[in-house]
Every structure is written in structure tokens, then in C-alpha cells.
1. Among the lysines, select those whose C-alpha is under 24 Å from the C-alpha of K75, and discard any that sit fewer than 8 residues away in the same chain.
2. Using only Cα atoms, locate the centre of the stretch 43-121 and the centre of the stretch 19-40, then give the distance between them in Å, rounded to an integer.
3. Just name one of V63, G26, Q100: the one whose Cα is farthest towards the positive end of the charge dipole of the chain (beta-carbon charges, Lys/Arg +1, Asp/Glu -1).
4. Cut-off 10 angstrom, C-alpha nodes, Gaussian network model of the chain. Which of A97, A52, A24 fluctuates the most?
5. Take S84 and R45, extend 7 Å from each Cα along the Cα→Cβ direction, and tell me the distance between the two endpoints in nm.
6. Calculate one ³J(HN,Hα) per residue across the stretch 23-30 by plugging θ = phi - 60° into the Karplus curve 6.51 cos²θ - 1.76 cosθ + 1.60, and present them in order as whole Hz with x for glycine and proline.
7. Could you give the accessible area per residue of the stretch 24-97, probe 1.4 Å, as a whole number in Å²?
8. Given axes a ≥ b ≥ c from the Cα gyration tensor, I'd like to know whether the chain is rounded (a/c under 1.5), prolate (a/b larger than b/c) or oblate.
Amino acid sequence: QVQLVESGGGLVQPGGSLRLSCAASGSIFSIYAMGWYRQAPGKQRELVAHIASGSDTTYADSVKGRFTISRDNAKNTVYLRMNSLKPEDTAVYYCNAALQVHTTSPLTIYWGQGTQVTVSS
């Protein structure tokens, strides 16, 4: 059983910062890519940032220069540092991971339960 647990969300004023964490646990052979998505009320879930196994990163245009994704492979954890937050960054943030639970198992996507980020004065 694989679990992804996010933490670090909350209420922050415009211009402030937050760091989200997402730890994967359980029977894991290898994690390849990890990413952060967000979903605002009434909108579709969108990619925020993605980091591959080789540490190549991808960002949504709306967060480039403000957000930084990183990972600690020893801890099976991905982070999202969010600076210069704007009200339009308000959403539920979800992490995901593409991983194998065994050497012969297929690559499977797992999701966390989400953490709320609210940017408001």
C-alpha cells in the first residue's frame, strides 16, 4: 500500500511564502517522476510543477520564477517552495508520484489527498 501525504498548506498574505512537502511511504521499489498540481474552485486540476528522476524540472508559466520544486530521493519526498504568492494561487494542491512497487510491476501514478493553500489579506 502506497500513500502520499502532503503538508505545509495554510493561509498566507499576498507576497508571502509557503513550502509544501509530500512524502511517499509504503511498498516502493522506485519513484520516477513527482509533481504538484492544483485545483481552484470551479476550475480543472492543472499542473504546477514536475520533477523527473534525473531532476529535470517543468513549471507552469503562471508560477515560473516564483515556485521551486525539489526532491529528496532518500526520503521519497517532493517539495514545493512558493514565493511571492498571489490570490490566484489559492487552490487545493495535490502531489503525485509515478512509481513502481516492485521490479516487475508497471509504472503507476499515485496521488495525495491534497492540502489547501489560501492567499488572502
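The values are calculated or read from the model by the stated rules, or taken from the named source; none is laboratory data. This is a predicted model, so every value here is computed, not measured. Note that we place each Cβ from the backbone using ideal geometry, even for glycine, and neighbour counts take in every protein chain shown. These area figures cover heavy atoms from the full protein model, side chains too; ligands, DNA and RNA do not enter into them. Shrake-Rupley method; radii C 1.70, N 1.55, O 1.52, S 1.80 Å.
1. The qualifying lysines are none; the list is empty.
2. Their Cα centres are 7 Å away from one another.
3. Toward the positive end, the furthest listed residue is V63.
4. With Cα springs under 10 Å in the chain, the top fluctuation among A97, A52, A24 is at A52.
5. Taking the simple label geometry, S84 and R45 are separated by 2.8 nm.
6. Running phi through 6.51 cos²θ - 1.76 cosθ + 1.60 with θ = phi - 60° gives 10, 9, 9, x, 7, 10, 7, 7 Hz.
7. 50 Å²
8. Prolate, since a/c reaches 1.5 and a/b exceeds b/c.
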